1. Expressed as a whole number of Å, what is the distance separating the alpha-carbon centroids of segment 53-125 and segment 171-233?
2. Percent antiparallel among DSSP beta bridges with both residues in segment 144-438, to the nearest 5?
3. If you average over every viewing direction, what projected area does the convex hull of the Cα atoms of segment 3-126 give, in nm²?
4. In a solvent-free Debye calculation with one equal scatterer on each Cα, what is log10 I(q)/I(0) for segment 1-40 at q = 0.17, 0.28, 0.30 Å⁻¹, listed in the order of the q values?
5. Taking other Cβ within 10 Å of each residue's Cβ, how do 168, 89 sort, fewest first?
6. Looking at the calculated P(r) for segment 305-435, what percent of the C-alpha pair distances fall above 18 Å?
7. I'd like the antiparallel share, as a percent to the nearest 5, of DSSP beta bridges with both residues in segment 3-126.
8. If a/c stays under 1.5 just call it rounded; otherwise compare a/b with b/c (prolate if a/b is bigger, oblate if not). Do that for segment 158-283, with a ≥ b ≥ c from the square roots of the Cα gyration tensor eigenvalues.
């Protein structure tokens, strides 16, 4: 009998598709994440795999590659990728990873069945017979975050960006004895110089959390001074991309064709950890992640410390604005509208009551008209999201390289006007290099007796 494997972390999606496929005469197996799905595919040897793109433990790109590498055990396998991402690059990358079909959610069961009918016919004809680190320096007391790079896409030095800064993404968080760095754009060079001067030969342990491996988020690492000090320990963690893992990607940008010193020549203790979970800890700091609406594998982080919470979402495009824009193309009916609302609500719940929100605010609404699907947001959407989530403080982030200080300041001014018209207490700033933000959750006041 023809068989299919459903790999999706959303139980309702598995239930709907399983019901439809079973009614059509398919034997259906299910898996809750990519890692479980790979094992299930090798065990059951299905005719077709229907796989979500964004899942914990192992994403859809990885599943496609892993199954294609097992072609001797899984001949004539059809792989259908389903996703909420309509980026052309994701579609191409899925095909390069081994997918046969790429469907953008909401996916109708009839569409799946139409593709599966061709799979069943091909299967009937072709299916074969079964067969030790150094101790860290003690950090000063007090939890804080500090901006070292706030720009998007490409560094923009010059007179017009002196106030907010021209370096690409890098934010430092010191919390509960942990030194955590968010992304390694060109701003990490300045952070490295600061750390070297502050600790003067004492060994450091730090964790670098990467949201994704687009170049403006990793380009500064070859210039990060602590990586050149033997007693230091640098743990780099994040989620594997569609084609290469973290170590491979960072190694490539330091190959001899591009840089005089290779990654493996760096004398510090550098370790790589591909995250499988969406909820983990860096010491006592709880870290949660959420897939962002941006080409490739890209996440946002929420870090909960003893004195406050920080959410970092540097690259993200509003689902509703992107999918429902008149020029976006594709299905824009009630099902798509409901799906976009659900995805936006998922983000709001992820950010619920966060103390500090650092979020992609690259464009204004007028600019966005010619940048639909580029993976970045309007600051107006950032304000709306922050208000809906009940955030305490909002930092507009990932400033466009074409925006000078005056333009960014005008965006901040208008964002504050939006907040004022809503009668909200949200504080709005634009992130700027060198700015320190103490994490000090206000103490509850005692009620008079």
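What follows is calculated from the coordinates using simple rules that are stated; it is not laboratory data. This structure is a prediction, so every number in the text was calculated from the model and none was measured. Note: ideal-geometry Cβ built from the backbone for every residue, glycine included; neighbour counts use all protein chains shown.
1. 38
2. 50
3. If I average the Cα hull's projected area over directions, I get 6.6 nm².
4. Computed log10 I(q)/I(0) values: -0.39, -0.91, -0.98.
5. 89, 168
6. 54
7. The answer is about 0 percent antiparallel.
8. Verdict is rounded for segment 158-283.
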